[in-house]
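First up is the structure itself, then whatever we jot down about it.
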Amino acid sequence: MSTSNIKKIFLSKTGIYLLLILVLAFNLSSHTFAYWPGDNWWLRSAYWVLYIGLSLSCIFGFFYALSGMTKKYSQHLLFLLAILLSWIPFGLAITMLDIATARPEISYVINDLQNTGFLPTLLPVMVLVILPKHLAFGGLLYLLNFYVHIGVSEENDMPLKEKSLPMDLTLANVSFIRKLSSSVAAEPLLLQAQEHYLKVTTELGSELILYKFGQAMREVPASFGVQIHRSFWVATHNVKNWSMTDNGIKIFVHHGDPVPVSRRFEQIVKQQFPEAA
């Protein structure tokens with residue numbers, strides 16, 4: 001593996017998540033509450049790597065599933081919902097692992113399962129023991145995912161003119177284009193604000209980057225496109241046509257989904273694209 005590839009891994013969120021799992025696992029394995037009779041540090045570390053890795057996988061699995069099912073709610077809400085929903089399958093899986101490995105603090109569960117039954121025994125363990133840990137770890141992942149921007153690479157540090165991208169020269173200094181992956185980077189045709197993120201659509205595809213919509217509006221030359229909504233901007237040559245609906249004007253574009261036009265921008269659209277009506 002080349003040095004540049006190693007650098008990309010460690011300067012990405014994937015690298016940060018991996019480092020987080022290892023640091024937390026090795027830290028937890030050093031505490032007395034994590035001991036098994038006759039075990040060793042490496043076994044404890046392996047257990048906690050599995051524990052934290054399973055928690056991370058469950059949370060992101062539910063998050064991506066929810067994101068694919070609906071675009072109606074914000075990414076923040078979906079991530080928090082994923083933390084809560086993933087607690088159930090994660091709790092069941094890790095409790096079974098604890099019972100199988102005979103962890104000391106869970107040993108009483110084995111006897112109780114025979115006396116009181118599955119649900120009355122496991123529910124208190126999942127609520128009182130597993131849920132607080134899962135919420136704490138999920139909260140840390142939430143902060144990392146939405147408020148820590150990592151992803152510096154040699155490719156993204158290169159000037160745009162060295163990337164040989166299909167792009168208008170007037171856009172050469174637009175900073176947010178540098179944050180796009182090489183497979184998507186091109187002239188922006190449609191911009192959409194999504195909380196702290198910016199969805200950029202080009203003729204090569206779409207990508208979500210951590211960037212302020214207002215900052216993007218200040219960078220794109222006014223002659224290149226027009227803002228049509230507090231959360232949408234469209235390139236002039238990307239507009240196919242527009243039509244009036246019961247909820248106002250809707251613009252249809254060559255690249256991207258139909259875009260709503262807010263009331264305050266309707267007159268601008270009519271003046272800018274009179275022939276497209």
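Nothing in this text is a laboratory measurement; each read-out follows from the coordinates by a stated rule. Predicted model, so just to flag it, every value in this text is computed and none were measured. All Cβ positions, even for glycine, are placed from backbone atoms using ideal geometry, and neighbour counts span all protein chains on display.
Please work out the FRET efficiency for the pair LEU22 and ILE88, using the Cβ-Cβ distance as r and a Förster radius of 25 Å; give the result to the nearest 0.05. All intermediate terms of the calculation are to be shown ahead of the outcome.
Working: r = 26 Å, r/R0 = 1.05.
E between LEU22 and ILE88, to the nearest 0.05, is 0.40.
Calculate the spin-label point distance for MET69 paired with LEU54, positioning each point 7 Å from the Cα along the beta-carbon direction, and give it in nanometres.
According to this spin-label approximation, the distance is 2.3 nm.
Using a Förster distance of 35 Å, how high is the FRET efficiency between SER262 and LEU140, based on the Cβ-Cβ distance and rounded to 0.05?
Working: r = 37 Å, r/R0 = 1.06.
The pair SER262/LEU140 has a calculated efficiency of 0.40.
Give the share of C-alpha pairs in each 10 angstrom bin for the range 209-277, from 0 to the last occupied bin, in whole percents, shortest bins first.
20, 56, 22, 2
Among LYS179/LYS212; LYS72/LYS250; LYS133/LYS212; LYS199/LYS240; LYS212/LYS270; LYS72/LYS133, which pairs are too far apart, with a Cα-Cα distance over 24 Å? Each step should come with its number before you reach the end.
On the way: LYS179/LYS212 12 Å; LYS72/LYS250 18 Å; LYS133/LYS212 33 Å; LYS199/LYS240 20 Å; LYS212/LYS270 27 Å; LYS72/LYS133 29 Å.
Correct reply: LYS133/LYS212; LYS212/LYS270; LYS72/LYS133.
Quick one: which residues, 5+ away or cross-chain, put their amide H under 5 Å from the amide H of TRP242? H built at 1.01 Å from N.
Here the answer is PHE252, ALA277, since their amide H atoms fall under 5 Å of that of TRP242.
Taking H placed 1.01 Å from N in the peptide plane, check which residues at least 5 places from TYR197 or on another chain put their amide H under 5 Å from its amide H.
TYR211
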